[in-house]
Each structure stands twice: as C-alpha cells, then as structure tokens.
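Scroll down for the structure; my scribbles are underneath it.
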Amino acid sequence: MLDRFTVAQRASDGLLEDLTEDLAKLDPNLKDKYLPFAWDEDQYRGKTYGLPFDTDTRGLFYNKQMLRDAGVDPEELDRKNGPITLERLREIARKIDTKDAQGNYAKVGFIPQLEQGWHYTWGFLFGGEFADLKAGKVTPTHPGVVAGFQYLYDYNKEMGVQQVQTFISSYNPPNNPPQQHPFITGHLAMMITGDWFMNTMRTYAPDVDYDITYIPSVKKGDGPSTWAGGWTFVIPTGSKKKEAAVRFIYWACGADGQRIYTKESGHCPTLLSISNDESIYTEKQSYFREALFFTKSRPPLPVGALYWDALSTAQDMVVQNVKMPLEALQEAEQQTQPQLNKFLPLQ
C-alpha cells in the first residue's frame, strides 16, 4: 500500500507498474465507481497506477466533560448546529486553558497544530489552493494558505510559543503511548484528527465522554471544511506476479474488501456503491461518512511528498514564530517549484 497523494511522485520515479489496461480488462468502468478525488490521486499522465482502498477525513474531537467543567455546554458543538467559528473555539479554549504554579499549561483547550492541524487543514479552511495543475505551479502563497498560516502564527503567539512547546513535549512527546495521549488523560479538550482515532478511544478510553463535529469555520455561516487522505494499492515495477496482484487489488478495493476494512479500521470506503451503507459504520463514524461529500484533497503532484515536507518545514517556522507566514511559504515554493518544473506539462 502507498499513501495515495504520493502515487504521482512514485509513478514519475518509475517505481510503479502501469495498471491501466490490466484493470480495464476486469472492469472498463472503474473510474465512475470511486470517489472522484480518490481516483484522481491514482492517476499520472493519463495512466492508472493504483486503486483507492480507503479514505480518512478530519474533524474536531471534543471532550464533553472537560467542556462541562469549564462551564461550556457541549451541546453547542453538536453537529446539528453546524460549525462553530474559530473565534468561538478560542473563547471556549480560553475557559479551559489552565497553568500550574510554574506558569506551564496543565490543561489546554485547543492547540491548532496538534494531531491533524496540518497546513492543508488550515489552508483549505481559509479558502486556499495549493496548486494550479493546468499552469503547472504550486501555490503556497495563495492568500487563503497565507491566511491559514497567519492563524497558526497568531494563535501560538497569544498562547505563548514556549509554553505551547513545553505542553507538547510534556504531554504529547514523540512515541507517546496511546493511553497517555493528552485527549485521553484529560489535559487536552479539543483537537483536529481523523477517523482512525476512534479505534484509539475504543481501546484505551472507552469511558471518556467525547464526540466529533465539524472543523470550526472562519466566519459564521460558512460551510464545513475538511480534507481527505487514504491508502491505495499499487504494484512495484518489475513484479513477477503482476496478474495475481491485480486480481487481489481488484477484490480488496471492491465492495467485499472495503466493507471488511471499514468495519475493522474506522476508515471510510472509496467505493461509491457502499459509501452510504449504514451497516458498515458505527454511530460516531456518521460525521466522517458525511464529510466524504464535502472534502477536499491534496493535489496529485509528481513532487507531492517533497511539497508536503516543504510545507511542514514552513509550518514549523510559523508556529514557533520564527518566520512570518508569507516568508515561510515563499521558501516552500522556492524549494518545490524547480523540482516540479522537470515534469511539466502536468496535463
């Protein structure tokens, strides 16, 4: 399996078998049977290099008891009310933020970069576009992307950059055991993450009272926003068992395979025919099922992994208030565009 947004890059490197004709022999109408964004991520220069196996969207997880303890009615965040605004999210978070005698955070309402608070999360939320495929350009300096990074800069500045970093290193360090996650231990009230975290909650925190809702909107009345990733089945170049591998991929990414995986993993299917099959979802998965139909996805670029790394470096500089958003994103563009130029035209 391969992280789907990297398929174009791995195909351009010559690492993947072209499956276009093999899959067409099994079903010439496959393209129309999958979520469009997931299918598109498996394409490169008009050829198919994989089949989309699953997808995962992102939402706002919130600890109901921590909200109640802060005097906030968790009903306010219920999905039936639509997204709360970022301004309201900050007001709620301030009620929860608590420091110890040393001035360090002991409890935090929300830290935007934790878990899945990535560049794509905030850039898409603020209306940003990360690439212009027709023009063959990455666009990290799009006003919406810059606005998303400005939000990260300002939020961390208000909380205190060093205090935020101290909280993260204390309560959510690298390789932190899942049962010690701050959302589980009662040190973090709200976070943006994906459907896979429901399994963590079922395993390590079955008694925690939590729910999932929309990522907050920039202003009241805005529609919901999220983005999707997911895995795809591919075949390495030179496989000696290509025919058998294609048949396995066709089954695994079909209705039977995706039903099994959806029930076991908490992820969502990419096959349209079962995406609304309520029997394969738990109650809390209903948000993620809904999100499939308003989600965005990362641009399928032959430098997708490189671009992710450049955006991540820019984000690190911004949340630490080391660089202003536009400067950091200009550097990401300078790192990525010359490499993308080698593959032009893209379409």
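Each row is one residue, and each column tells you yes or no for (1) among the hydroxyl-bearing types (Ser, Thr, Tyr); (2) surrounded by 14 or more Cβ atoms within 10 Å (Cβ to Cβ).
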residue: 162; (1), (2): no, no
residue: 175; (1), (2): no, no
residue: 186; (1), (2): no, yes
residue: 200; (1), (2): yes, yes
residue: 217; (1), (2): yes, yes
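Can you tell which of 33, 80 is basic (Lys, Arg), without any contact (Cβ under 8 Å) to a residue 24 or more places away in the chain and within 25 Å of residue 263 (Cα to Cα)?
Values: 33 fails: without any contact (Cβ under 8 Å) to a residue 24 or more places away in the chain.
Matching residue, one of 33, 80: 80.
For residues in segment 90-126 being among the aliphatic types (A, V, I, L, M) and part of a loop (DSSP other than H, G, I, E, B), which is farthest from residue 225 (Cα to Cα)?
Start the filter on segment 90-126 by keeping residues that are among the aliphatic types (A, V, I, L, M), which leaves 92-93, 96, 101, 106, 108, 111, 114, 125.
Then keep just the ones that are part of a loop (DSSP other than H, G, I, E, B); that gives 101, 111, 114.
Details: 101: 38, 111: 18, 114: 17 Å.
By that ranking, first place goes to 101.
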Handout entry: Hits in segment 12-29 (condition: surrounded by 15 or more Cβ atoms within 10 Å (Cβ to Cβ) and at pLDDT below 95)
Key = 12
Practice task
Might you check whether a residue that is touching a Gly at 6+ places or on another chain (Cβ under 9 Å), surrounded by fewer than 16 Cβ atoms within 10 Å (Cβ to Cβ) and in the same structural domain as residue 337 (by TED's automatic domain parsing) occurs anywhere in segment 102-121?
Solution key: yes
Fill in the blank from the handout: Taking first residues from segment 122-135 that are closer than 15 Å to residue 326 by Cα and second residues anywhere that are of a type in the set (S, T, N, Q), the pairs with Cβ under 7 Å that are 6 or more apart or on different chains are 129/139; 130/139
Exercise for the section: Only residues in segment 140-168 that are free of Cβ contacts under 8 Å to residues at least 60 places away in the same chain count as the first member; pair them with residues that are among the acidic types (Asp, Glu), Cβ under 8 angstrom, at least 6 apart or cross-chain, and list the lot. Expected result: 142/129; 144/129
Problem - Residues of segment 219-242 satisfying the condition of being exposed (fewer than 15 other Cβ atoms within 10 Å of the Cβ) and within 18 Å of the chain's Cα centre (by Cα) - result: 223
Practice task
Answer yes if at least one residue in segment 296-305 is within 21 Å of residue 33 (Cβ to Cβ), free of Cβ contacts under 8 Å to residues at least 60 places away in the same chain and of a type in the set (Gly, Ala, Ser), and no otherwise.
Solution key: no
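So which of 10, 45 is of a type in the set (Lys, Arg), assigned by TED's automatic domain parsing to the domain that holds residue 259 and more than 23 Å from the chain's Cα centre (by Cα)?
After ruling out the rest, the residue left standing is 45.
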Fill in the blank from the handout: Within segment 127-173, residues being over 23 Å from residue 92 (Cα atoms) and either outside any helix (DSSP H, G or I) or among the acidic types (Asp, Glu) (or both) number 17
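What number of residues within segment 258-283 satisfy the criterion of being in contact (Cβ under 8 Å) with a residue 60 or more places away in the chain and either in contact with a Phe, Trp or Tyr (Cβ under 8 Å, 6 or more places away or on another chain) or crowded, with 19+ Cβ neighbours inside 10 Å (or both)?
Taking segment 258-283 and keeping what is in contact (Cβ under 8 Å) with a residue 60 or more places away in the chain, we get 258, 261-262, 265-273, 275, 282.
From what is left, the residues that are either in contact with a Phe, Trp or Tyr (Cβ under 8 Å, 6 or more places away or on another chain) or crowded, with 19+ Cβ neighbours inside 10 Å (or both) are 258, 261-262, 265-272, 275.
Counting residues in segment 258-283 that are in contact (Cβ under 8 Å) with a residue 60 or more places away in the chain and either in contact with a Phe, Trp or Tyr (Cβ under 8 Å, 6 or more places away or on another chain) or crowded, with 19+ Cβ neighbours inside 10 Å (or both) gives 12.
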Problem - Criterion violated by residue 211 - all others in (1) within 23 Å of the chain's Cα centre (by Cα); (2) closer than 30 Å to residue 49 by Cα; (3) acidic (Asp, Glu) satisfied - result: (2)
Exercise for the section: May I ask you to verify whether residue 137 is closer than 25 Å to residue 229 by Cβ, at pLDDT 95 or above, surrounded by fewer than 22 Cβ atoms within 10 Å (Cβ to Cβ) and of a type outside the set (S, T, N, Q)? Expected result: yes
Fill in the blank from the handout: Out of (1) at pLDDT 95 or above; (2) among the polar types (S, T, N, Q); (3) under 21 Å from residue 312 (Cβ atoms), the one residue 163 does not meet is (3)
Exercise for the section: Determine which single condition residue 219 fails, assuming it passes every other condition in (1) closer than 30 Å to residue 99 by Cα; (2) modelled with pLDDT under 95; (3) among the basic types (Lys, Arg). Expected result: (2)
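The values are calculated or read from the model by the stated rules, or taken from the named source; none is laboratory data. The structure presented is a predicted model; accordingly, all values stated were derived computationally and were not measured. Don't worry about glycine lacking a Cβ; one is built from the backbone with ideal geometry, like all the others, and counts go over all protein chains shown.
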